[in-house]
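The values are calculated or read from the model by the stated rules, or taken from the named source; none is laboratory data. Worth saying up front: this structure is predicted, and the values here are computed from it rather than measured. Positions of Cβ are generated from backbone atoms using ideal geometry, with glycine treated the same way; all protein chains shown enter the neighbour counts. Surface areas here come from the heavy atoms of the whole protein model, side chains and all, with no ligands, DNA or RNA. Shrake-Rupley method; radii C 1.70, N 1.55, O 1.52, S 1.80 Å.
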Amino acid sequence: MAAIDGLPPLREVIATHGLAAKKSLGQNFLLDLNLTAKIARQAGDLSTCDVLEIGPGPGGLTRGLLAEGARRVLAIEKDARCLPALEEISAAYPDRLEVMNGDALEVDPLARLTPPIRVAANLPYNVGTELLVRWLTPPDWPPFWQSLTLMFQREVAERIVARPGSKAYGRLALLASWRAEARIVLSLPPEAFTPPPKVSSAVVHLTALPEPRYPADPKVLERVVAMAFNQRRKMLRSALKGLAPDIEDRLIAAGIKPTDRAETVGLEQFCALARAVAG
Ligand code: SAM
């Protein structure tokens, strides 16, 4: 496989540094640098941005981001075994790659980034969904990021871009459509990864809206939709009864029938309900 940056092919990097994939860290690596460059291109024009990359592993996507012209990349990796491989990339792109060894769910990288900032990641899906929800629900808006380009299991990607009334519609779709524009930009079969996971994957690109589509307190909205979809088959008056003793009145105030089920309720009504519950 041709290297796009004068560095050794990723298979060689993995062999040299003994980076046998660890299941516990969700390690399914992308080794085709043409593919990682293609993913990097989905993130938009990187030449004027700092890129926050989560989970660089041996650095396939990192190399794609740098080769595609990212002004600077800050990469957070939990697995210390990957650091020497990432150091080699840093040396090939002087002053353009900084690596932090840590858990992306715990460290705060913002002080090390200069806006505008884009985020790119190929992560284990549980870490990816947790971070996506955090990135969509800060107290203030617009957020620190302009766009998120994230790899997910295909099924999770479909949940992020789902429309009301569909089976995949739920918390992720609501939060994503509330404050961002989300679309699937690339689909990848299991064989694109080493080792191959059991399921297909997809890259989702989210662009932050200048303002949320409707006003609501993010924490309240998140709680309301999480409860509503936790028991998606139940009528909302039952699914949400723990939220407020007079939940029927609040549903009616938000223009929602208490006998409706979560999957038939749109974003505007959920935001109205979050306001009715908060007020
Ligand atoms: N980006 C590389 C690629 O595309 O080949 C690696 C992708 S692999 C699916 C996920 C990477 O995320 C691994 O390198 C893993 O060690 C790292 N990782 C897992 N959990 C993490 C966490 N909580 N914080 C930071 N990195 C994490």
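Between segment 50-67 and segment 77-93, the C-alpha centres lie 10 angstrom from each other.
Over all pairs of different C-alpha atoms, segment 60-167 has a mean inverse distance whose reciprocal, the Kirkwood radius, equals 15.4 Å. Share of the chain's accessible area from carbon and sulfur, percent, 1.4 Å? Exposed carbon and sulfur together represent 51 percent of the surface.
Once the C-beta distance of residue 24 and residue 278 is scaled by a Förster radius of 35 Å, the resulting FRET efficiency is 0.35 to the nearest 0.05.
With helices as the sole contributors, the chain gives -10000 deg cm²/dmol at 222 nm; each DSSP H run of n ≥ 4 counts as -39500 (n - 2.57), and the sum is divided by every residue. Summary of packing: across the peptides 80-92, 174-186, the per-residue average of other C-beta atoms within 10 Å ranks them, highest first, as 174-186, 80-92.
The GNM of the chain, with springs linking C-alpha atoms under 10 angstrom apart, assigns the highest mean-square fluctuation among 153, 42, 231 to 231. Rounded to the nearest 20, the size of the Cβ-charge dipole of segment 129-199 about its Cα centre is 220 debye, with Lys and Arg at +1 and Asp and Glu at -1. What does the charge add up to near residue 169, with Lys and Arg as +1, Asp and Glu as -1, over the other residues with Cβ less than 12 Å from its Cβ? Local net charge: +4. Extent along the principal axes, Cα only, for the chain: 65, 37, 28 Å, with the longest axis given first. Annotation: per residue accessible area for the chain equals 46 Å², rounded to a whole number [probe 1.4 Å, protein chains only].
Build a GNM of the chain with springs between Cα atoms under 10 Å apart, and of 254, 120, 70 the one that fluctuates most is 254.
Quote the charge dipole size of the chain about the Cα centre in Debye, to the nearest 20; the model charges only the Cβ of Lys and Arg (+1) and of Asp and Glu (-1). In debye, rounded to 20, the chain gives about 1080. Taking amide H as placed 1.01 Å from N in the peptide plane, the amide H of residue 53 sits under 5 Å from that of 74, 75, 76, 120, each at least 5 places away or on another chain. For the chain, the relative contact order comes to 15 percent (Cα pairs under 8 Å, sequence separation of at least 6). Seen from residue 79, the other residues with C-beta closer than 15 Å to its C-beta sum to a net charge of -1, counting Lys and Arg as +1 and Asp and Glu as -1.
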